[in-house]
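Take this structure first; my questions come after.
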Amino acid sequence: MEVNPGDFFALLGPNGAGKSTTIGVIATLVKKTAGKVEVYGRDVDTHVFQTKQDLGVVPQEVNFSQFEKVRDIVMTQAGYYGLPRKLAAERAEKYLRKLGLWDKRDVRSRTLSGGMKRRLMIARALVHEPRLLILDEPTAGVDIELRRSMWEFLTDINKAGTTIILTTHYLEEAEHLCRNIAIIDEGEIIENTSMKSLLAQLDSQVFILDVVNELFEVPEDTPEGVMLHKIDSHCLEADVAGSRDLGEIFSYLAGKGIQVTSMRNKTNRLEQLFLAKLRDE
Amino acid sequence: MSPLSLNHKYVAFETIVIKEVRRFSRIWLQTLVPPAITIGLYFVIFGNLIGRRVGEMGGFQYMDFIVPGLIMMAVIQNSYSNVVSSFFSHKFQRSVEELLVAPVPNYVILSGFVVGGMARGLAVGAIVTVMSLVFTDLTIQNPLLTVTVILLTAMVFSLAGFINALFANSFDDISIIPTFVLTPLIYLGGVFYSAQLLPPFWQGVSALNPIFYMVNTFRYGILGVSDVNTSWAFLILAAFAVGLYGGCIVLLRRGTGLRS
């Protein structure tokens, strides 16, 4: 498996697939039994300190002292990376502000909410400004609003040049953020490709269409590769082959006097593929 | 050659020490006050009340005789317990991972925790020393030897506490050694009595107790009397320091108790 510099890479897999172990091996927290890990072309085993310098890790479980103050946690981590106190204080402020924790800088970390604890771990991982940031399910248990703001933040730092590897259970998150993807199961890579080409493997997609006029019957002479089912008097389900142009479908429906007001995916597309891949294995 | 600059290593070391000192200072009611109260009670009960009936020990008033041993006891117990509880707590909360993912050499991690342990041991030792001035006039006969032996002892027991923390898997594991090994060795290490009072067989047994040498060398530094040869005592202390340091480094390199 290879991740390109500047990439936003998703590592997916069911529980126990080996995602956290893979991260542990890269971060040298887990002793590997075989294989080789290189970070920016340097072997983790022989260039331990250089690779650690390039790396920021946000683990799945909270792993900071519950008794320390928020700013002290970030400042201490900066110290481990050799940052002088003045620079450490500047960086701590920069990232605590960016992650909305500056107001909490002097409170004990145990009093933070779950979402704040996750953001604190991100600020801590970024304080030495690593070239590679690895996040192990960073948005688990985080509410939707906060998750969206974290996505925005991660997208921004990725655009600024930080390579990001992300494991997540929210497949929508991977689809939304990542350009490339690997799926692992029982320690084996079962797929390693770009998000685009993975999604192109979808045979069909199912859309829910909300319509203006009351539906009495569903047209039967649908274009090839399109099937329509009535859900209720103002809602249709459209099963559309991957090759079909959605514009054609809208034109067809308009021709039948059916005006569509909104459309949404019935299921997450990546979720469909993910389950299919695991079943294939 | 290590790719890390000297300054980087120094900052990392300083960070660990500051964190450790901040930890035991923050919870001073648990870390500094209880040992001071316990040793204060020893001064009152053994030194003052019972000591008056004991009379002289090793050519000194009993209170004067036990002061160096009690200071040493405070330093040993607190150096050990600071490192073992702090490092195990880092393991328990998984905050040790903060250190393990960072570019910090093992000897810097070890030195930081050991200096943190020494700081608490010496802080409690200083409190006990000041308290002892209420009961006796303390005159130090050999300041250099006194300071050297207390520093070495604090270092040895901080290193021992570190090894205990690496192997510990539960909070029970960090109290077994202090309760069942350290305390008996301290009490039988000549804190309260001179070995000359013991029958020859038990004098021989005492000679196998490393704490016996530490207590007596410290007493020699303060009072100028000792049951042991101080050169021999320094040799034993140095051997323990080197052996335990080497052991810690090997265990850290192997990832014992830290890396799965």
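The values are calculated or read from the model by the stated rules, or taken from the named source; none is laboratory data. Note that the coordinates shown come from a computational prediction; the quantities given were computed from them, not determined experimentally. Here the Cβ is made from the backbone with ideal geometry for all residues, glycine too, and neighbour counts use every protein chain on show.
What number of residues in the range B:12-47 are farther than 17 Å from B:Ser89 by Cα and either within 12 Å of chain A (Cβ to nearest Cβ) or not in a helix (DSSP H, G or I) (or both)?
5
Within the range A:82-101, does at least one residue satisfy the condition of being closer than 22 Å to B:Ser89 by Cα, at pLDDT 95 or above and within 14 Å of chain B (Cβ to nearest Cβ)?
Scanning the range A:82-101, I find no residue that is closer than 22 Å to B:Ser89 by Cα, at pLDDT 95 or above and within 14 Å of chain B (Cβ to nearest Cβ), so the answer is no.
Shifting gears a bit: With the condition kept exactly as written, say whether any residue in the range B:185-193 is in a helix (DSSP H, G or I) and in contact (Cβ under 8 Å) with a residue 40 or more places away in the chain.
Yes, because at least one residue in the range B:185-193 is in a helix (DSSP H, G or I) and in contact (Cβ under 8 Å) with a residue 40 or more places away in the chain.
Ok, one more. What number of residues within the range A:40-81 satisfy the criterion of being under 19 Å from A:Val107 (Cβ atoms) and within 7 Å of chain B (Cβ to nearest Cβ)?
6
Continuing with the same structure: Please work out which one of (1) away from chain A (no Cβ under 12 Å); (2) more than 23 Å from the chain's Cα centre (by Cα); (3) among the β-branched types (Val, Ile, Thr) is the condition B:Val115 fails and give its number.
(2)
Show me the helices (runs of 4 or more DSSP H) entirely contained within the range B:48-118 in which 3 or more residues are touching a Ser or Thr at 6+ places or on another chain (Cβ under 8 Å).
Result: B:62-92.
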